[in-house]
1. Residue-wise, which Karplus ³J(HN,Hα) couplings in Hz belong to the stretch 135-144, taking 6.51 cos²θ - 1.76 cosθ + 1.60, θ = phi - 60°, and x for glycine or proline?
2. Per DSSP helix of 4 or more residues, -39500 (n - 2.57); summed, then divided by the residues of the chain. What does that give at 222 nm, rounded to the nearest 500?
3. Arrange 82, 8, 244 by Cβ neighbour counts within 10 Å, fewest through most, would you?
4. Give me the percent relative contact order of the chain, please, defined on Cα pairs under 8 angstrom at least 6 residues apart.
5. Tell me the Rg and the Dmax, in Å, that the Cα atoms of the stretch 184-260 produce.
6. Using modelled amide H (1.01 Å from N, peptide plane; none on Pro or chain starts), what sits under 5 Å from the amide H of residue 240, excluding residues fewer than 5 places away?
7. Using a cut-off of 19 Å between alpha-carbon atoms, which aspartates and glutamates can reach residue 186, once sequence neighbours fewer than 8 places away in the same chain are excluded?
8. How many angstrom lie between the C-alpha centres of the stretch 227-243 and the stretch 95-135?
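Read-outs throughout are calculated quantities, based only on the coordinates presented, and are distinct from any laboratory measurement. Just so it is clear, the model here is predicted, and its values are computed rather than measured. Because the Cβ atoms are built from the backbone with ideal geometry, glycine has one as well, and the counts that use them run over all protein chains shown.
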Amino acid sequence: MNKKNLNELKKNFIDNGYCIVKKIVSDKQCDFFLKTISKYAIKDYPPILNPDRAEFLVPQSISKMQNLKSLKNKTKFLKDMEKDISIFRSFMVNKRIMRILKFIKSKKVDPLMSQMIFKKSKTKFSKQSWQPHQDNSYIKNKNGHYITTNLFLNKSSYENGTLYIWEKSHKDGIFKFNFKKSYREKDGKPGNIVKTKKNFKIKILNFKKGDLLVLHGNCVHGSFPNTSRTSRPLYSVSYMPIGEKFISGKNAQRVRLKYS
Ligand SMILES: O=C(O)CCC(=O)C(=O)O
Ligand SMILES: [Fe+2]
């Protein structure tokens with residue numbers, strides 16, 4: 001990517017609170033990632049938090065291992081997990097992504113957490129629709145430097161539960177909000193709901209497989225339920241520039257991850 005393209009991404013991010021990098025990952029890599037991480041998806045395909053850390057991946061996929069009959073297969077499951085975790089980590093610190101984020105923030109950034117959201121068609125979690133929220137409402141970085149990336153592992157549109165944003169909503173700091181459980185919630189409506197009297201225009205975002213959405217932590221966004229036959233898998237990774245403070249969180253346990 002040349003300087004002109006990088007400048008354009010940065011301008012979009014600053015002006016609009018988000019930018020989209022088209023086709024940052026090839027179809028083949030997307031399919032490989034999805035196939036690998038799907039080994040750890042349990043019944044109903046709930047999201048997997050921090051699949052890049054064994055202490056998270058083991059408890060969230062243990063029923064998959066227990067379903068295996070022989071000890072040989074169980075040990076293989078765990079052995080393969082080691083390898084797969086390094087694949088997930090490599091996506092978090094993908095060189096092209098890190099370069100773009102560093103350029104946008106004019107500072108080196110560290111990954112803090114990741115989440116795989118399958119929105120697998122015809123499962124309970126396909127109906128999950130995120131309420132309008134700011135990702136920074138969880139982290140509360142007062143300088144608004146938190147960033148979330150969403151890598152789309154399949155095409156994404158209204159029918160299969162794509163994301164929308166509230167235009168220019170990243171310019172007002174952190175809004176008041178109602179706390180919502182946002183990990184394996186029962187009502188299918190996660191996301192700390194923003195409370196504001198201000199009106200924003202809603203913009204629905206469409207993606208192709210391999211596109212990356214870079215979101216300002218204060219940009220209000222949400223998503224639609226997947227009512228189609230097409231799954232809408234995405235791998236989300238959050239980042240923070242060096243020197244910035246953040247709240248770790250009981251579930252997400254954000255930390256500066258020093259992967260290379
Ligand atoms: O997967 C989605 O539909 C939205 C996810 C999201 O906004 C989040 O994880 O904070
Ligand atoms: Fe979000």
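1. Using θ = phi - 60°, the values come out as 4, 6, 5, 7, 9, 6, 7, 5, 8, x Hz.
2. That comes out to -9000 deg cm²/dmol.
3. Values: 82 9, 8 13, 244 18.
Fewest-to-most ranking of 82, 8, 244: 82, 8, 244.
4. Across the chain, relative contact order equals 31 percent.
5. 15.6, 44
6. 110, 112
7. 44
8. Using only Cα atoms, the two centres lie 3 Å from each other.
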